[in-house]
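Inspection log for the structure reproduced underneath, given as structure tokens.
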Amino acid sequence: MGGYYAVSRLSGWYRTPIPPTGKVGREQWHVEDKVLVCDGDGGHDMLLTEEEYGDVIFHFEFRYTRVEGKTGYNSGAYVRNSLDGAIWHQAQFGDAKDGFLFGQTPTDDGKKKFFNLSKEVTENRVKPAGEWNTFEITARGKTLTLWVNGAVTCEFKECAAPRGHVGLEAEGYRIEFRNLKIKKLGETKS
């Protein structure tokens, strides 16, 4: 797999609530036939790796389970998050929309800075609910790059967290993930 290692089970992952002061709901993450499934009915949470990563590529495919008449599909994936999820760098994706980075990165004075790159996305590359999408988030130095279905959609060049946890978001919609791969890159100096 060329330096990647595949994620095929839940050992090595943990859940944290969104917001960090909230409570984790019903267990909603499980693996079925090598596909990671989030039922979407156990509250708003992050499924994060126990291991921290610095420079990394997080590759995954996802699709929402299409429900007739339902709209507003919403989920995300993370790199360089804090253990409690208070610092977060998210790739946002919906139903044939989004595909951008946003979050809260630390500042030198110990506070957090909010960022949102939704306005940088000039082409909708996210496929509709029911279809598989391929995403990669690359964290290298202070730059986070989001690649969606064959092209880069945006870059955040001010990530102040040099390391953190990789993960996925549950937010009320059934979603499946496959081919989850994490590749550590040679650490770069900021």
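Can you tell which of THR134, THR138 is over 24 Å from GLY172 (Cα atoms), of a type in the set (Val, Ile, Thr) and in contact (Cβ under 8 Å) with a residue 24 or more places away in the chain?
Numbers: THR134 fails: over 24 Å from GLY172 (Cα atoms).
Unique residue meeting the criteria: THR138.
For the range 151-175, which residues satisfy the criterion of being of a type in the set (Gly, Ala, Ser) and either modelled with pLDDT under 95 or in contact with a helix residue (DSSP H, G or I) (Cβ under 9 Å, 6 or more places away or on another chain) (or both)?
ALA170, GLY172 - these are the residues of the range 151-175 that are of a type in the set (Gly, Ala, Ser) and either modelled with pLDDT under 95 or in contact with a helix residue (DSSP H, G or I) (Cβ under 9 Å, 6 or more places away or on another chain) (or both).
Which residue out of PHE135, PHE100 is farther than 24 Å from GLU50 by Cβ and aromatic (Phe, Trp, Tyr)?
Only one candidate passes the filter, namely PHE100.
Can you tell me which residue within the range 54-113, out of those that are open to solvent by less than 50 Å² (accessible area, probe 1.4 Å) and of a type in the set (Asp, Glu), is farthest from ARG163 (Cα to Cα)?
Among them, the one singled out is ASP95.
Residue-wise test of (1) over 12 Å from the mean Cα position of the chain (by Cα); (2) crowded, with 18+ Cβ neighbours inside 10 Å; (3) not hydroxyl-bearing (Ser, Thr, Tyr).
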| site | (1), (2), (3) |
| --- | --- |
| VAL126 | yes, yes, yes |
| ASN133 | yes, yes, yes |
| ILE137 | no, yes, yes |
| GLY150 | yes, no, yes |
| ARG163 | yes, no, yes |
| TYR173 | yes, yes, no |
| GLU176 | yes, no, yes |
| LYS183 | yes, no, yes |
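In the range 1-53, what residues are of a type in the set (S, T, N, Q) and either modelled with pLDDT under 90 or open to solvent by less than 60 Å² (accessible area, probe 1.4 Å) (or both)?
SER8, SER11, THR16, GLN28, THR49
The values are calculated or read from the model by the stated rules, or taken from the named source; none is laboratory data. None of the values given here were measured: they were computed from a predicted structure. Positions of Cβ are backbone-derived with ideal geometry, glycine not excepted, and every protein chain shown enters the neighbour counts. The accessibility values were calculated without ligands, DNA or RNA, using every heavy atom of the protein model including side chains. Shrake-Rupley method; radii C 1.70, N 1.55, O 1.52, S 1.80 Å.
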